[in-house]
1. Can you find a residue that is crowded, with 24+ Cβ neighbours inside 10 Å, closer than 30 Å to GLY383 by Cα, at pLDDT below 95 and not small (Gly, Ala, Ser) anywhere in the range 340-353?
2. In the range 228-245, what residues are assigned to a helix (DSSP H, G or I), within 17 Å of VAL264 (Cα to Cα) and within 18 Å of the chain's Cα centre (by Cα)?
3. More than 25 Å from MET341 (Cβ to Cβ), more than 23 Å from the chain's Cα centre (by Cα) and assigned to a helix (DSSP H, G or I) - does that describe any residue in the range 425-443?
4. Please state which of the following conditions ALA224 fails to meet, knowing it meets all the rest: (1) within 20 Å of GLY120 (Cα to Cα); (2) hydrophobic (A, V, I, L, M, F, W, C); (3) touching a residue at least 12 places away in the same chain (Cβ under 8 Å); (4) surrounded by fewer than 21 Cβ atoms within 10 Å (Cβ to Cβ).
5. Residue by residue through the range 305-326, note down the ones that are hydrophobic (A, V, I, L, M, F, W, C) and closer than 13 Å to VAL264 by Cβ.
6. Determine which single condition MET425 fails, assuming it passes every other condition in (1) surrounded by 21 or more Cβ atoms within 10 Å (Cβ to Cβ); (2) within 22 Å of GLU471 (Cβ to Cβ).
7. Quick one: what pairs do we get from the range 70-88, first residue in contact (Cβ under 8 Å) with a residue 60 or more places away in the chain, second among the charged types (D, E, K, R) and assigned to a strand (DSSP E or B), C-beta under 8 Å, 6+ apart or different chains?
8. Within the range 364-376, track down each residue that is surrounded by 17 or more Cβ atoms within 10 Å (Cβ to Cβ) and touching a residue at least 40 places away in the same chain (Cβ under 8 Å).
Amino acid sequence: MNFIPKTLTQLGIVEIGAAYADLEVTGIAIDSRKVSAGALFVARDGVNHRGIDYLVAAQEKGAVAAVIDSDNANLPLPEALTIPVFTVDELAKATGAWVSDMLSAPSEQLRVLAITGTNGKTSCAHFAAQMLSNLGVKTAVLGTVGNGFLGQLEVASHTTPDVISLHQCLAQYLEQGAEAVVMEASSHALDQFRIAGVQFDAVGFTNLSRDHLDYHGTMAEYGAAKARLFLDYDAPVKVINTDDEYGSMLLGDLSARGLMVKSVGEHSGADYRVENVHLDADGVSFSLQSGGQKIAITSAVIGRFNVANLSLVTTMLLGMGYTAEQVAAAATTVNAVPGRMELLSVPAKPTVLVDYAHTPDALEKALQASRFHCSANVWVVFGCGGDRDTGKRADMAKVAEALADHVIVTSDNPRSEVPQDIIDMILAGFSDLASVQYNVDRAAAIGMAIEQAGADDFILIAGKGHEDYQEIQGVKHHFSDQEVALALLKGGLAI
């Protein structure tokens, strides 16, 4: 999308009458490699680099001005620098406002919803997009599975794009006729202000459990990052799943600050109370009670955790003004998200479920759902990603040992780590290895499960979900759990 040229005064970087007040910038970039002639370069610090180290590179690419964070005001600038450099408070947050302004504030012309939480973001985002689409609202989605309109998603490198790409996506979808956009807001994105400048209509919180501690350090910091969606953005509709312990704490904190927040859950104190939950092979059903109103929700998605996901989305849509009849009707046509409890079935073979579960909590919920639908043995094939929080590896082993009859540990995305080292850390978390096998080759591990499992057994293949690659030593090799499992179930793949 093309940027609208703006002067530095119009962007609020310099005051009227000051030097360079009338200097016009025709674009904006946070990556010196993406600078175009006439652009403003935002020299933000990253996790492993300093923004000022790229000022000269941006100048050479055609930047006419640059901004740095006021925290770096005393750092020496490169001698070769000739373009003006300005200091700005809270640079990361300000960048979103500038990008939005230079793209005619696309979020203000859309209905924008955001979901945050450890697990359930993708399902909630897709459920909301499907329900809005079923209500006749042309809706795009941004998240882990991909970005764009349903059925036309483009692969995404991050759950939430960088701040410039995000606003460009919003502008593009608006131009293509979108009326609403639903996005996942990751903790990294919130911490790094990637969604700064977006005007949200509704925000929701799913749950909080261990993940990303390699980045955040502590659960307190991780939770604080999630809370920013409610504290930094003034969405008129705020909904929290208060069956979650952190969600309940967050509600109390936000309420103490005078913010209006709606709670949803199965506990008696929820503003929207989930009741009459029924699970079977055809999906889930429940009622949502608020005041004197009771809404019956039925959907073909499986798993008790999807009751929480659907109830959160339903409450958000009700808060946005959709009627009980509208949301109830829209929910009936909701389908499962690729790689989220995705069912693979071949006659006289074990049933396979492919799920993205890559945290202890998500693995627990996926195994519980598998157990509910299985009359025989439950198998699980899983690994843990390399270069990520190592502390959860033993925790996932404990979950698998407690809830599965048979476990096969394998590789996930080992990245730069030695795959066997990751497997060894997982194996150390088991108290008894009698029902545990391992194979570093993921396809072979899936094959072991399918070969050994009975026709009435369920096999949960966890960790990668929708992903169609396996990252090993910096290289992404094509790999799909679904493709491998289906080929093995049909007898068309030799391992």
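1. Scanning the range 340-353 turns up at least one residue that is crowded, with 24+ Cβ neighbours inside 10 Å, closer than 30 Å to GLY383 by Cα, at pLDDT below 95 and not small (Gly, Ala, Ser).
2. If the condition is that a residue be assigned to a helix (DSSP H, G or I), within 17 Å of VAL264 (Cα to Cα) and within 18 Å of the chain's Cα centre (by Cα), then PHE230 is the only one that fits.
3. Yes, the range 425-443 contains at least one residue that is more than 25 Å from MET341 (Cβ to Cβ), more than 23 Å from the chain's Cα centre (by Cα) and assigned to a helix (DSSP H, G or I).
4. Checking ALA224 against (1) within 20 Å of GLY120 (Cα to Cα); (2) hydrophobic (A, V, I, L, M, F, W, C); (3) touching a residue at least 12 places away in the same chain (Cβ under 8 Å); (4) surrounded by fewer than 21 Cβ atoms within 10 Å (Cβ to Cβ), the one that fails is (3).
5. If the condition is that a residue be hydrophobic (A, V, I, L, M, F, W, C) and closer than 13 Å to VAL264 by Cβ, then VAL307, ALA308, LEU310, LEU312, VAL313, MET316, LEU317, LEU318 are the ones that fit.
6. (1)
7. VAL88/ASP69
8. LYS365, ALA366, LEU367, ALA369, SER370, HIS373, CYS374
The values are calculated or read from the model by the stated rules, or taken from the named source; none is laboratory data. Computed from a prediction, not measured in an experiment: that's the story for all the values here. No Cβ is skipped: glycine too gets one built from the backbone with ideal geometry, and neighbour counts run over all protein chains shown.
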